[in-house]
Amino acid sequence: MVVFERTKPPLSELDIKRVENRLGIRLPQDLKEHYLRYNGGTPRPQFFPKDGDAYEVKKFLPMNIEDPVGTTFEDSYVMMVEQTPDFPRGCIPFADDPSGDMFLYSVRPESFGNIMFISHEDYEDEDRYVVFLAPTLRDFIDSLTEEPEAL
């Protein structure tokens with residue numbers, strides 16, 4: 001079972017509505033439900049294994065807070081979605097890894113709900129820049145594990 005450590009103050013439906021209004025988006029229901037339970041935080045265990053790799057989740061990005069040290073959900077959305085021309089359209093960044101790469105929630109009609117990962121190191125390699133990880137947020141979280149020994 002995954003637990004979230006170092007979460008920020010709990011959110012209300014009104015808090016999430018304010019974030020949506022500020023960003024001009026509507027968050028998918030399962031993402032809202034997750035944030036109503038856990039406002040950011042570090043999952044334990046924190047590794048997502050796929051095809052011989054282990055994607056480490058440093059933290060889920062907190063919402064509706066002032067955080068001069070870390071990155072918030074809103075900051076990441078503005079920086080990546082609104083200010084980075086090559087960022088995959090139709091994706092919402094919600095978590096990051098230790099090197100600052102992002103885990104994404106797809107809101108594209110053809111892949112709605114899919115969880116993906118972008119690697120800045122593979123920016124020029126279309127097949128590796130965006131990696132599909134899981135079909136849903138629940139599948140993603142439920143698949144987190146301790147660091148695989150084989151890596």
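The values are calculated or read from the model by the stated rules, or taken from the named source; none is laboratory data. Fair warning: this is a prediction, and the values are worked out from it, not measured in the lab. Using ideal geometry, Cβ is built from the backbone for each residue, glycine included, and neighbour counts are taken over all protein chains shown. Ligands, DNA and RNA are stripped out before the accessible areas are found, and what is left, the full protein with its side chains, is counted by its heavy atoms. Shrake-Rupley method; radii C 1.70, N 1.55, O 1.52, S 1.80 Å.
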Worksheet item: Looking only at LEU27, LEU14, LEU133, which one moves most when the chain is put into a Gaussian network model with springs between Cα atoms under 10 Å?
Response: LEU14
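With every protein chain kept in place and ligands, DNA and RNA left out, what is the accessible area per residue of segment 3-143? Probe 1.4 Å, answer in Å². Don't skip to the end; give the middle numbers.
Details: 7330 Å² over 141 residues.
That works out to 52 Å² per residue.
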Discussion item. If you build the convex hull over the alpha carbons only and average its shadow over all orientations, what do you get for segment 3-143? Give it in nm² to one decimal.
Written reply: 8.3 nm²
Discussion item. Going by average Cβ density within 10 Å per residue, which order do the peptides 109-117, 76-84 take, highest to lowest?
Written reply: 109-117, 76-84
Worksheet item: At a 1.4 Å probe radius, carbon and sulfur cover how many percent of the accessible area of segment 77-147?
Response: 48 percent
Discussion item. I'd like the FRET efficiency for ASP51 and VAL78, computed as 1/(1 + (r/R0)^6) with the beta carbon distance as r and R0 of 41 Å, rounded to 0.05.
Written reply: 0.80
